[in-house]
């Protein structure tokens, strides 16, 4: 049987694993953003600079979500 301290330790570990799994979504999102920016640059090379700026801006917003999950894992 699990006693209370073991159960509390397992519950804490599960939440940290959950936050780690939550970082998978932003990782996939960043890959999709970069891939679509490369596709757009291949189709219209003259817009490459503008697409790069928009890609970096989008990746920055997605990265905030991943960092928020990382910080929440340490706060709890």
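The table that follows gives values for the structure above.
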quantity	calculated
Order by protection proxy (mean Cβ within 10 Å, highest first), peptides 42-52, 56-66	56-66, 42-52
Taking the convex hull of Cα positions in segment 24-75, its mean projected area over all directions (nm²)	3.3
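We did not get these values from a lab; they are worked out from the coordinates using the rules stated. Bear in mind the structure is a predicted one, so any value in this text is a computation, not a measurement. Note that we place each Cβ from the backbone using ideal geometry, even for glycine, and neighbour counts take in every protein chain shown.
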